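The values are calculated or read from the model by the stated rules, or taken from the named source; none is laboratory data. Everything numeric in this text was worked out from a predicted model, so none of it was measured. Note: ideal-geometry Cβ built from the backbone for every residue, glycine included; neighbour counts use all protein chains shown. Just so you know, the surface numbers come from the protein's heavy atoms only, side chains and all, with ligands and any DNA or RNA stripped out. Shrake-Rupley method; radii C 1.70, N 1.55, O 1.52, S 1.80 Å.
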Amino acid sequence: MEWTMDQEYRDQEVVGWIRESMRDNPRLSSEAVQVTVLRGVVTLRGAVQSYRRKLLAQEIAASTEGCLDV
């Protein structure tokens, strides 16, 4: 499958939506989580204060439109 600029743009939109959702969540707003998306697959990197917050970050990413996998 050939990669297009439209798909790359879409990945960047997904990154923005995930970051916005994390910023809006009081339990994650102060956490340093790096978000990258490649062809709909989300990668989260960074440290959070608890396992629950890790699961919350994964849940937010997975529930975001355009996310195919985390």
Do you know which residues across segment 29-61 are open to solvent by less than 60 Å² (accessible area, probe 1.4 Å) and under 15 Å from Val15 (Cβ atoms)? Val33, Val35, Thr36, Val37, Gly40, Val42, Thr43, Leu44, Ala57, Ile60, Ala61
Step by step: first the residues of segment 11-28, then only those that are assigned to a loop (DSSP other than H, G, I, E, B) and modelled with pLDDT of 90 or more, then the one that is most open to solvent (accessible area, probe 1.4 Å). Which residue is that? Arg27
Does Glu65 satisfy the condition of being acidic (Asp, Glu) and either under 8 Å from the mean Cα position of the chain (by Cα) or at pLDDT below 95 (or both)? yes
Scan segment 23-31 and give yes if some residue there is touching a residue at least 40 places away in the same chain (Cβ under 8 Å) and of a type outside the set (Phe, Trp, Tyr), otherwise no. no
